[in-house]
Amino acid sequence: MKPLAWLVRVFLALILQLAWAGAPADSASAETDLQEYFRTQAGQLSADCLSEIQTSSDWRSRRAEYRRELREMLGLDPWPERGDLKAVVSGTIEEADFRVEKLHFQASPGLYVTANFYLPRIIERPLPAILYACGHAKVVTNGVSCGNKAAYQHHGIWFARHGYACLLIDTLQLGEIQGRHRGTHNEGQWWWISRGYTPAGVEAWFGIRALDYLCSRPEVDPERLGMTGRSGGGSYTWTVAALDDRVKVAAPIAGITDLRNQVADGAVDGHCDCMFYVNTYRWDFPKAAALLAPRPLLIGNSDKDTLFPLDGVVRLHEKVRRVYQLLGAPAQLGLLITEGPHSDTQDLQVPVFRWFNRFLKQESPLIESAAKKRFDPLQLRALSEVPADEVNTTIQETFRPQAPGESRADAAGRRAALLAALRAKVFAAWPEESTPPPPRPLASRELEGCRITRYSIPSQPGVNLDLWLAREAGAEETETTILTILDSSTYTNSPAKGLWLGDPASIRWSELRQEMRSRKAALAFVAPRLVAPAPFLDSDKKLTRIRRRFYLLGQTLDSMRVWDIRRATAALRQAGARPSTRLILRAQGEMAVNVAYATLFDSSHDRLELDHLPRSHREGPDYLNVLSITDLPEVLEILHPNLSR
């Protein structure tokens, strides 16, 4: 078999020779098409969101399944081990009118949550309690992390001084034991997606176990629990309160908007992974927000917040408001909009305090004092040293179980069940199965004894692929067609760059004809979406931003490339090949994995020639949840009779 790089040389040379017919779409057009794709996809999910809810009985009959789906998308189905909290109060700070307990507990064995518990000095009966989830704030003194609870201490102080118990909990990345939030944001940990792992699930679990802790304290009235937080803490408030009805009143601040803002407008670029569930069921965010209904819910935001733009917050509120109205509880929902940027302002704080007074204490006193910080961060540290048994720094490896990595003896017999699981949990974003439109021929020309034809293939609305088919002149019918699926590395390797810039004299036409004759084959080439070089893809940072947009839509770039390959294969069959023509698919590296999955679903090929395959999806490519279902050894075992590698 000829090296794939040589075949790419030929492919790019053919593009040069057919320049008269119109080159592939220019970069500006490709970027515009991609943005339109994101807008359309986000719009479809927005239109679908809660559209099935027309009556209160609709909501009541579906709510439990929605909650289960959210648990699954957070990696909490089944629940992690819910053992002894092993809570330890490591110290106390005494003030004139309140005290602060420095404590830690284990959400699961070795998964530590560091916290501060603020309590009034005088407690005559069980108190209403607030779980405060902290946002992103790095508080490190002399190389020692004091936890982001130190940055939000003023909230705990205010609540304790006004008759509440208030538990402030650190987050995974910014706690006293510093784990990781930013796997896909800037660390290249795309296998998190394949595992179905998100640190948002860990943060939700922290919050649920924190509620367990609050309910264990005699100072707390478990029937009067509220939850709030800002930014990241607002996001965790949404997920915890959505999953746990023990939260009776909620006030998430600046922690949510809709898919249109995140994907089409690019707000996702400012967020790390802890803000998002793995969108297996292709939700827009109002569905998660509506899970708080009909409990008292205050949605807070400022009007110049670029991380959570106002228009998306208002759209989300409208969808949630309809559910509250159906449940006869419109007065339980509030919308708070203040002037200002993404910041913890008093304008946002005071209405939150008033909201909890109203619904947890049935009081409406005048709020005169502002929330103010009082303690040096080191005073609030709960741990003297990092415990030897902590798993915070490695929780991404174990939080979501992985499917067996080895091939299975019954792999072939498992194919039907595997395909069903993959279609439901991995490739749910594919369009509905249908016969594809026929490829549209754009140009055909005879060059150096070869007949070259260029086709346009509609993969899905807004996504069109170029297919190039080369036959030996005068031999319109061939026994075999070899389809090479290009990837970015082969498309842009250095010999190919020279040809792209214009060196057609270097094309080895005799070798091209020899390949056709020796294998009695036509040669075809296709580049799935976003493989062709373009300025808007010219850095890892730009590509990361694009890949994360796919992720929020319940897809990945490579899972949609699998669909492109399926469409290209079907188009090639429609481009004049006889039914008896053998079809060979050829690819390398991660693109070879995409070919393997495409052929799992479409068995119209006769042979696969795959080079340099990764050993596992841990190495790529990334598809949602795939490692919780299968891994490459099993897939290749199923394909073994038709596989050459």
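Hey, got the dipole for the chain? About the Cα centre, +1 on K and R Cβ, -1 on D and E Cβ, debye to the nearest 20?
In debye, rounded to 20, the chain gives about 620.
At a threshold of 8 angstrom on Cα-Cα distance, excluding pairs fewer than six apart, so keeping six or more, what relative contact order does region 539-645 reach in percent?
Relative contact order, region 539-645: 27 percent.
Mind pulling the angle between the C-alpha long axis of helix 589-601 and the longest principal axis of the chain? Nearest 10 degrees, somewhere in 0 to 90.
Between helix and principal axis, roughly 90 degrees.
Please state the equivalent ellipsoid semi-axes for region 127-224: what are the square roots of 5 times the Cα gyration tensor eigenvalues, largest first, in whole Å?
Value: 29, 18, 9 Å, ordered largest first.
More than 47 angstrom separation, counting every C-alpha pair in the chain; what % is that?
More than 47 Å apart: 26 percent of the Cα pairs in the chain.
Magnitude of the Cβ-charge dipole of region 189-316, K/R +1 and D/E -1, about the Cα centre, nearest 20 debye?
200
Tell me, what ³J(HN,Hα) does each residue in region 155-171 have, in order and in whole Hz, if you take phi through Karplus 6.51 cos²θ - 1.76 cosθ + 1.60 with θ = phi - 60° and put x for Gly and Pro?
Here the 3J(HN,Hα) series is 5, x, 4, 4, 4, 5, 6, 10, x, 10, 8, 9, 9, 9, 10, 6, 9 Hz.
Using the Karplus curve 6.51 cos²θ - 1.76 cosθ + 1.60 with θ = phi - 60°, what ³J(HN,Hα) values do you get for each residue of region 233-249, in whole Hz, with x for Gly and Pro?
x, x, 4, 5, 4, 4, 6, 5, 5, 5, 8, 9, 6, 5, 6, 7, 9
Compare the Cα positions of 127, 297, 365 along the charge dipole of the chain (+1 at Cβ of Lys, Arg; -1 at Cβ of Asp, Glu; about the Cα centre) and return the one farthest towards the positive end.
Most positive-ward Cα: 297.
Taking 25 °C and 0.890 mPa s as the conditions, I'd like the Stokes-Einstein D for region 173-317 in µm²/s, using the Kirkwood hydrodynamic radius from alpha carbon pairs.
So the translational diffusion coefficient is about 154 µm²/s.
Taking H as built 1.01 Å from N, whose amide H comes closer than 5 Å to the amide H of residue 91, not counting residues under 5 places away?
Placed amide hydrogens put 102 under 5 Å from residue 91.
Note down the accessible area of residue 375, probe 1.4 Å, to the nearest 10 Å².
Using a 1.4 Å probe on the heavy atoms, I get roughly 20 Å².
Provide the per-residue ³J(HN,Hα) series for region 123-139, in order, calculated from phi with Karplus coefficients 6.51, -1.76, 1.60 and θ = phi - 60°, each as a whole number of Hz, with x at glycine and proline positions.
Each residue of region 123-139 in turn: 10, 9, 8, x, 9, x, 10, 10, 8, 9, 9, 7, x, 6, 8, 8, 10 Hz.
Can you work out D for region 57-168 in µm² s⁻¹ from Stokes-Einstein, where Rh is the Kirkwood radius over C-alpha pairs, the temperature is 20 °C and the viscosity is 1.002 mPa s?
The diffusion coefficient I find is 130 µm²/s.
Given H placed on each backbone N at 1.01 Å, which residues far from residue 111 in sequence or on other chains put an amide H within less than 5 Å of it?
It is 391, by chain and number.
Round to the nearest 0.05 the FRET efficiency obtained for residue 546 and residue 430 when R0 = 22 Å and r is the Cβ-Cβ distance.
0.75
The values are calculated or read from the model by the stated rules, or taken from the named source; none is laboratory data. Since this is a predicted model, take the numbers as computed values, not measurements. Don't worry about glycine lacking a Cβ; one is built from the backbone with ideal geometry, like all the others, and counts go over all protein chains shown. Ligands, DNA and RNA are excluded from the accessible area calculation, which covers all protein heavy atoms including side chains. Shrake-Rupley method; radii C 1.70, N 1.55, O 1.52, S 1.80 Å.
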